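Step one of this worksheet: look at the structure below.
The values are calculated or read from the model by the stated rules, or taken from the named source; none is laboratory data. All values derive from a computational prediction rather than experimental measurement. Neighbour counts are summed over all protein chains in view; Cβ atoms, including those assigned to glycine, are modelled from backbone coordinates with ideal geometry.
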Amino acid sequence: MTSVLYPDLPENGLIVLIGASGAGKSTLARTWPASQVLSLDGLRGMVGDDPGRQDVTADAADVLKLILERRMARKLNTVIDATNVEQSVRVELVMAAKRHGMPTVAVVVATPLDVCLERQGPRPDNRRVPEDTVRAQHQARVHSHQQLAAEGFNTVVFADALYRLEPFLKRLSQVREAELGRDGSAGLGDLLLVRRFFGSEVLPLWRWRPGSDLVTGRDRLAEIRLGQQSLILAFRDDVDGEGDFGFDVLLPCPFDAECAGQAWAPVYSVTDLYKALTGAMDSDPDIVCTVHGDGVDDDQDDDPEGRADLEAQYADAVA
Ligand code: CTP
Ligand code: MG
């Protein structure tokens, strides 16, 4: 058997991960670019809306084989993220690679059974594989080991012998440098903070709105809009006069339906954006209106330099 201790993986080949559920295949697969990884779970999700849905496995496997075929026709590196503990499954993959003259690597993810079982515990229900199944997969993996070379794999290697942290960090680092614009690109610029608060998915919808009277100083106005629905946000440069950054969302004034001012409430996450859009923040206790302040009538506001001075800011802006 061609078992190598410090293997050089082919630049372009078919890499078949082999291991029981919970062995760490998907974790290892993430060290390759996402476009190179064919995940049976992922395809089950695409075909059946649920990665754990067993009745779509055959359809998902069909799709996997089709994409693999098309990729290998282009000599592209492909990683198969599935248990692959059944010989018939592996043989089909190897035969496809041979047809295209692609080298094949079996990567055995030989995690002990008790660890595989333990890792099922914290998983969501639809991703928790029954104990009997994990045991059977583990057993099949152990038994399959001696057969892998005979099945036609050019290289058989234990996952533990691979040097995958380096390419993983290299790729993450390149992405990060590009985001920061250190690779000569424009980078994410002033969207970096937006992403940290709300996640990358909202970035394509985010528009800064310069030149608005709704904000003053170094604060900036922005909008998230998709069709008929939108949110107005303000970036605050100096939250509560403490030099912190933050975002507020514009809401209807809770103190007076006819109010001509603006009511702002802090938003910290995409969940807050969702709440703001659906009205669930309309009575948020942190709302501060440019006319009504925080709605507390007495003079106990001990923060005259902070949020309450929005009214003054607004007055200045419209003067
Ligand atoms: N894990 C870990 N250390 C590793 C590899 C994996 O702690 N070196 C953990 C992961 O954080 C994950 C769990 O083990 O929570 C299961 O790993 P995963 O890659 O999801 O296992 P798979 O083999 O992909 O399981 P399945 O076949 O069910 O998809
Ligand atoms: Mg997995």
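From the list Gly13, Gly42, Gly22, the one residue that fits, being buried (at least 20 other Cβ atoms within 10 Å of the Cβ), within 14 Å of ligand 2 (Cβ to nearest atom) and modelled with pLDDT of 95 or more, is Gly22. For Asp125, the conditions (1) charged (D, E, K, R); (2) under 24 Å from Leu43 (Cα atoms); (3) surrounded by 12 or more Cβ atoms within 10 Å (Cβ to Cβ) are fulfilled apart from (3). For Phe197, work out the one condition from (1) of a type outside the set (Lys, Arg); (2) touching a residue at least 60 places away in the same chain (Cβ under 8 Å); (3) within 25 Å of Gln36 (Cβ to Cβ); (4) not in a loop (DSSP other than H, G, I, E, B) it doesn't fulfil. All conditions are met except number (3).
I'm trying to understand the selection: among the residues of segment 128-158, which are surrounded by fewer than 18 Cβ atoms within 10 Å (Cβ to Cβ) and within 14 Å of ligand 2 (Cβ to nearest atom)?
Arg128, Thr133
Restricting to segment 25-39, and then to whatever is small (Gly, Ala, Ser) and within 8 Å of ligand 2 (Cβ to nearest atom), can you tell me which residue is farthest from Val56 (Cα to Cα)? Among residues in segment 25-39 that are small (Gly, Ala, Ser) and within 8 Å of ligand 2 (Cβ to nearest atom), the one farthest from Val56 (Cα to Cα) is Ala29. Considering only segment 103-117, I want to know if a residue exists there that is without any contact (Cβ under 8 Å) to a residue 24 or more places away in the chain, in a loop (DSSP other than H, G, I, E, B), within 16 Å of ligand 1 (Cβ to nearest atom) and surrounded by fewer than 22 Cβ atoms within 10 Å (Cβ to Cβ). Checked segment 103-117: at least one residue is without any contact (Cβ under 8 Å) to a residue 24 or more places away in the chain, in a loop (DSSP other than H, G, I, E, B), within 16 Å of ligand 1 (Cβ to nearest atom) and surrounded by fewer than 22 Cβ atoms within 10 Å (Cβ to Cβ). Count of segment 45-85 residues, restricted to those that are under 24 Å from the mean Cα position of the chain (by Cα), part of a loop (DSSP other than H, G, I, E, B) and within 16 Å of ligand 2 (Cβ to nearest atom), is 6. Of the residues screened, Met46 is not one that is within 17 Å of Thr104 (Cβ to Cβ) and in contact with a helix residue (DSSP H, G or I) (Cβ under 9 Å, 6 or more places away or on another chain).
If you filter segment 208-229 down to residues that are polar (S, T, N, Q) and without any contact (Cβ under 8 Å) to a residue 60 or more places away in the chain, you find that the one that is farthest from Val288 (Cα to Cα) is Gln228.
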